[in-house]
Structures are given as structure tokens and as C-alpha cells.
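To keep things clear, I will list the structure first and then write my remarks on it.
The values are calculated or read from the model by the stated rules, or taken from the named source; none is laboratory data. Since we're looking at a predicted model, the values are computed, not measured. Note that each Cβ is placed from the backbone with ideal geometry, even for glycine, and that neighbours are counted across all protein chains shown.
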Number of protein chains: 2
Amino acid sequence: MTPIPGGERRRGKVTMRDVADRAGVGLATVSRVINGKPGVAAHLAERVRDAARALGYRHDVTASSLRRADRRTGTIALVLEDVANPFSSVLHRAVEDAARAESMLVLTGSSDENPERERELIDTFTLRRVDGLIVIPTGRTDAELAAVRRQGTHVVCADRLVELDQVDTVTADNREGTRAAVRRLLDLGHRRVAFLGDMASIWTARERHAGYLEAHAGRRIDERLVRREIRSADAAECAIHELLDGDDPPTAVFTAQNLLTIGAVRALQRRGLQDRVALIGFDDFPLADMLRPGISVVAQDPAEIGSIAARLLLGRIAGGGDRPARHVVVPTTYLARGSGEIPPRR
Amino acid sequence: MTPIPGGERRRGKVTMRDVADRAGVGLATVSRVINGKPGVAAHLAERVRDAARALGYRHDVTASSLRRADRRTGTIALVLEDVANPFSSVLHRAVEDAARAESMLVLTGSSDENPERERELIDTFTLRRVDGLIVIPTGRTDAELAAVRRQGTHVVCADRLVELDQVDTVTADNREGTRAAVRRLLDLGHRRVAFLGDMASIWTARERHAGYLEAHAGRRIDERLVRREIRSADAAECAIHELLDGDDPPTAVFTAQNLLTIGAVRALQRRGLQDRVALIGFDDFPLADMLRPGISVVAQDPAEIGSIAARLLLGRIAGGGDRPARHVVVPTTYLARGSGEIPPRR
DNA sequence: ACGTTTCCTGGAAACGTTTCCGAGAATGTA
DNA sequence: TACATTCTCGGAAACGTTTCCAGGAAACGT
């Protein structure tokens, strides 16, 4: 129950008016000094700064953005799938760095791949009058995104393609990355390459599947080897067991997502087949190089994606918001670690 | 004078005044309806809601918090070490969930373990008038945190102990978790247990080291086995090599942090000693169970830490901000996976 | 019937800034 | 010296809300 010592007198209540009075100048002058605007005599500026320091003045960014002509709040928002998942959080970090460089702050939220939740987040963020929005869209919110754009807030989509006016998109080269990797397996002599994929509602999942098909150009694909709509490591593990238990099992597996790769590794290890069945995963994950064998992956560059998305957004905020939409594709890299180099068993 | 409000489609410019005019009521009434305050006739409320919908009115939270009596912005800030590291991002997610439950938003920033950067973030956040602050403190910012508290913003520290008036802290049980784990190694018969630790400026690093010492109660410790101030996986890898190259090398290793554990695993694997030298790490990491042998760890619960920190903060924001500081300790769990169960070589 | 209380309502005054504008002072030009 | 121009500065009007307050209508008690 002890009162806070010192400064309690007027808790964080010292305003520009107070500074002006103490410095013996007008309110407008204080504003100019604080904002570093030119056209105020050096000795006055000094007096103002002294007064501000003496009083412990703290500029109120909230109030300031209210009146400010451009209404900018110096905040951008980031709608991720889940701030805790590695892809999202690395992207987040890249965005933070780019934003900091222009002294902008970042608000974040996790949509959990749920369109309803994504809508809710977008709504909350725009109510706060953020200057811009970077979204990993669930894919069912095009209308909302268009509305946001129309309302004046800048939007950039990351990781997944969206085709909207004045909405930039930056994605990885999902299709080509997958095509090249599956092609490698075929070139190695594999004839039965299984595919494990995520929900087809997700753009990246569809692209990767398309890459798988393209790699087979001409050849027949046994549909029983293609498993989509798999949502977890456990489900992937089951799927692998089923595939291997079937007759004419695959000699190689392509897993189109992080967690699915891990499920596949687990299944193969359990059966002691990790050195017999080839495996390539999409998206790198920590420690992939330390498993036996090392897991070969098609690595994307989430930091690069985030960084480009941020730059596009900040560009729009700073300057032309009405430039046409741009679509940037970030290449993927194949990392050969062993599991993808296993030849077909003969 | 004013043009008819129906025709103008000004971009995001429709204000409460417009709604009031269209509904034919006063400004105050609109405010009451929007904020769901009681004491407005049902038919008027309906008219207001209709008008708002027709005009596409969007409530301006920024302006609203300016005048609002409690000056609350509905935002809390989170200063992490790095939003991209797993510990931070899992904690972040827990905070987000707790915040969302009270419809609060979360601003985040990464300090990179740099006090200057932490100060900068704290400063920026308080300028935005956030309602509260959760910080993983670098350990050199007590003065700033106290100042923030004095200025009226609520503060909770996570992961690392801080002793300040009215600042709650929630940490893992670093010392006891480490003590018990090292004790296990000793009980297994190990007599030379090495310790790899992070920068001693970090509270958790000091605590874990203290736990290591406590476990040895009575026994002599060979100081050459204790390596502190190690900051990266690479450095840890080097340290392990040096230890093993020395005469009288350790038969077991305790790594007091995530990255150091990974470095140690790498070093042991490279020498083919992963089944001869015991290893226990502090803090779990993904895939630890899939390595050969599985890596035993002292697991902390970052989600629980974040969740408790958020609840403490939200509690202070909602109610008594002047309750005395509370210090919550979250227990750790030992996960036996093999590497910690290797007996000393005889 | 009359005074009191209670309820609704809308005008106006904040909130802490930025920006507009006009008044002097200072400088430049003829 | 006179006049136009530029430069500084402060008062006052926004910004979009919430809250205070006072007035009128309706409900109540006697």
C-alpha cells in the first residue's frame, strides 16, 4: 500500500502544455521541437528540450496520430498461422527487423488456419488503424482483404498467392521446388514415389501437389500412392504405415510439409527402413542434418519471404499505395543430406 | 452547407457524427450504443445500429482511448529475446491466447539479449501507452523497469527473476531442475560431469550453474570441467572437443541451454561417442526424441510460463495494480530418453 | 394535483496532439 | 526610406471520441 515514491504527484500526466508553459513558449513551438521540424530558433529549441527533460515529458503517440494529417500510427500488423511455429516465427522476425528500420511496431496474431479467426484479427487490427497488414491468408478471406484495401489500409500477402488489386504477394517457388525434387527421385530410378500432402484448401499444398504431377510428366501415377488432406505428424505416420503395408509399396516418399516429414521419419525409423526407402521433405526443420540418415529437404527461406513482404508493405505505406499488385517468387533450395539419395531397392 | 451524407463515399472517413446525423440522434447517444452502455431506448439503439451499418461505420479505437477515463488502449507489449526462437515464440503464443480471451492485442519485439535494445523497446512501447508489459529482461534494465512501473504501466517479468516493487515474476525452477538432473548422473556413478553454460549475466544461467554446484554437495569439482560464457552451438561444439581432448576427460556432460545441447550432440556424434558419454540438456527441443540415442533433457514449460505471466499482468491491469510483487516458480520435468542414462565407461 | 425522483437525451467540454493562419520581426530590394 | 518577401512564433481550430451536465419527459408517492 506504499505510494510510489516521487513523480506520483501527476502520474504520467505531464503534457505539451506543461512543457510550453515552463519553457515560456507556445504549444505549437513545442510540437515543432518534439517532431524535429525546422524553423524554430536554436535557443528556443534548447529551452523546450530542457523543460521537457526537467518535467519528464513523454510524447503521446496515440494522441499525436489522431490529429496528424496522414493519420499514421506507425504500426503494422502481421497475421500468421501460429506465432509459435518455426516458419511463422522466422518470418515474423524478418518483418520485425524491416519494420524497426523504419521505426514501426508490429502487432501479431495467430489465425490457426481458421478463416473466422483470421477475419476477426484483420478486423481488430484495422480498427486500431494500423498502417498496413501482412497476412498469411487461410485462403477464404479474399473478400475481407479486398475490403480492407478499399478502406485504405495497405495489404501484402505472404506465403500464399492471392490475386487482388493493389495487394502484393510473395511466395516460395513451391511448384518448381517440388517438381525438381521429385524429378531427382525419378532420375535415381524410383518408379513408385508416394506423395503426402496437406489440406488442399491451402494454396501451397495445391502447388506442391501440382509440382509432383509435373515431375511425372508423361508417366502414369498410381493414385494409391497419393495421400492428401493429412494434417499432422501422427496422421502422416499412419499413412506411411498403410502405404508400406499395401501391395506394391513405394520405394520413395515425398512429404509436402514439415510435420508430415517428421511423421514419415518416425514411421520409417520404427520399421528400420530409414536406409531403404528414400525420403524428401518440403521445408527444412532444425536437426534434419543430425538424424541418421540426414533428411534431404526442399528448403524455403521464410526470412527472405518476410523481409520482402515487409519491404513491399513499407514501400506502399511510404509512397505509392496505388501501384499495381506485384507478385514475388522466392526460389527454394534442395539440401541433399542422404535420405533423398537412397536408390531404389533392387 | 454540408452535402447530403448519403452520396459521399469518402474513404474510411465516416465518423460517429455522420452516424448520429443519419440516425437523427445526438452524438452522445451513438457513443452509448456503440459501447453497449445501458440507458438508451431500444428503438433508438436500433436506428443507430442501422445507420452505422448502412454507412459502414468503423469505430476508431485510437481516438476512443484518448478521451476514455482509464486511458486504456487494450494493448499489451511483449519483449522477448527473439520472436523466432522456440522458447520465446511458444511463450508468445501463450500470452496471445490469454490476451485474446480479454480481447487485448499483443505488440512484440526482440531484444536479442541486448540491454540497449531492450530499453529502446520498452521506451517505444510505453510511448504507445500500452496497458502492460511482459519482459524477458536482459538483466541490466532494472532501473528502466522500475521507472516504467512508477510511470503507471504494469510490468511482469518472465523467465528471469527480478526483484522490484509491484513487478511480478514467473520463472522455471532452473536450479532444482538442474540439481536433480546432475544428481542423477552422479548417482549413476559418474564422477566427472562437465558443465556448459551460457553468459553469467543471465539469471537463468547463474541459477543452473548453482544447481550444478548444489548437486555436487560435498564432492570436489574439477574446475576444468566447468565452461561458462558459451554463446552458440558452435562454441559448445568446440568446448566439448577441448574437454574430450584434455587428460582425464568427462564421462558425462550437462549442457545448460538449448543451443549448447545441440552443439554437444554434434560434437559427440562426430567422434562417435554418442553412446559412451552421457548427456543431459536443459530445455527440450524438437526431435530430441528422434536422435540416436534420444537426448534426455530437463524440460521447462514455456507455455505455462507465458500463460501465468499473462494472467498476472491482466490481473493487475483489470484490478489491483498495487498488490505486492508475486514470484511464481514453474516446475521442470526430466525426460529420460537414453543419453542421460548412459553409465560411466569402466 | 403537486413536488420528487428517475430515466433519456443531446449539447458542449474535454483528451493531447498537429496544423492552419495571421501577426510581427527580420531581411532583401529598389 | 518604402515596400515586398521571408522567417518565427503563438493562438485557436481541428482530429474522433467519451464524459459531464443540464433539461425535459415520464413515473412515482402523497
If we ask which residues in region A:1-40 are modelled with pLDDT under 85 and of a type in the set (Gly, Ala, Ser), their number turns out to be 3
Within region A:56-82, of all residues that are near DNA strand C (Cβ under 6 Å from one of its atoms) and small (Gly, Ala, Ser), the one farthest from the other protein chains (Cβ to nearest Cβ) is A:Ala69
By residue number, the members of region A:94-127 that are crowded, with 24+ Cβ neighbours inside 10 Å and charged (D, E, K, R) are A:Glu96, A:Glu118
Taking region B:31-54 and keeping only residues that are within 8 Å of DNA strand C (Cβ to nearest atom) and within 21 Å of A:Arg128 (Cβ to Cβ), one is left with B:Ser31
When every residue in region A:21-79 that is of a type outside the set (A, V, I, L, M, F, W, C), crowded, with 17+ Cβ neighbours inside 10 Å and assigned to a helix (DSSP H, G or I) is compared, the one farthest from DNA strand D (Cβ to nearest atom) is A:Arg22
If we ask which residues in region B:296-341 are touching a Lys or Arg at 6+ places or on another chain (Cβ under 7 Å) and under 20 Å from B:Arg184 (Cβ atoms), their number turns out to be 2
Practice problem: Return a yes/no flag: does region A:228-250 have any residue that is surrounded by 23 or more Cβ atoms within 10 Å (Cβ to Cβ), modelled with pLDDT of 95 or more and either in a strand (DSSP E or B) or touching a Cys at 6+ places or on another chain (Cβ under 7 Å) (or both). | Solution: no
**Report entry** Test result for A:Arg150, free of Cβ contacts under 8 Å to residues at least 12 places away in the same chain and either crowded, with 23+ Cβ neighbours inside 10 Å or over 20 Å from A:Asp112 (Cα atoms) (or both)
**Finding:** yes
Residues in region B:287-307 that are surrounded by fewer than 22 Cβ atoms within 10 Å (Cβ to Cβ) and in contact (Cβ under 8 Å) with a residue 60 or more places away in the chain total 4
Going through (1) in a loop (DSSP other than H, G, I, E, B); (2) in contact with a helix residue (DSSP H, G or I) (Cβ under 7 Å, 6 or more places away or on another chain) one by one, B:Ser103 fails only at (2)
Note on region B:89-102: residues more than 8 Å from chain A (Cβ to nearest Cβ) and of a type outside the set (D, E, K, R) are B:Leu91, B:Ala94, B:Val95, B:Ala98, B:Ala99, B:Ala101
Against the condition without any contact (Cβ under 8 Å) to a residue 60 or more places away in the chain, within 14 Å of chain B (Cβ to nearest Cβ) and not charged (D, E, K, R), how does A:Ala205 come out, does it pass?
no
Q. Is there a residue being under 30 Å from A:Leu78 (Cβ atoms), more than 14 Å from chain A (Cβ to nearest Cβ), surrounded by 20 or more Cβ atoms within 10 Å (Cβ to Cβ) and not aromatic (Phe, Trp, Tyr) anywhere in region B:177-198?
A. yes
Exactly one of A:Thr178, A:Thr171, A:Thr108 is of a type in the set (S, T, N, Q), more than 22 Å from B:Arg58 (Cα to Cα) and either part of a loop (DSSP other than H, G, I, E, B) or under 14 Å from the mean Cα position of the chain (by Cα) (or both), and that residue is A:Thr171
Conditions (1) more than 8 Å from every other protein chain (Cβ to nearest Cβ); (2) touching a residue at least 60 places away in the same chain (Cβ under 8 Å); (3) closer than 18 Å to B:Glu304 by Cα; (4) not β-branched (Val, Ile, Thr) -> B:Asp131 fails only (3)
Picked from region B:251-275 (must be away from chain A (no Cβ under 11 Å) and assigned to a loop (DSSP other than H, G, I, E, B)), the residue surrounded by the most Cβ atoms within 10 Å (Cβ to Cβ) is B:Ala256
Log entry, pairs with first residue in region B:27-50 being within 14 Å of chain A (Cβ to nearest Cβ), second being near DNA strand D (Cβ under 9 Å from one of its atoms) and outside any helix (DSSP H, G or I), beta carbons closer than 6 Å, six or more apart or on different chains, reads B:Ile34/B:His59
In region A:53-76, residues that are farther than 24 Å from A:Ala20 by Cα and touching a Leu at 6+ places or on another chain (Cβ under 7 Å) total 3
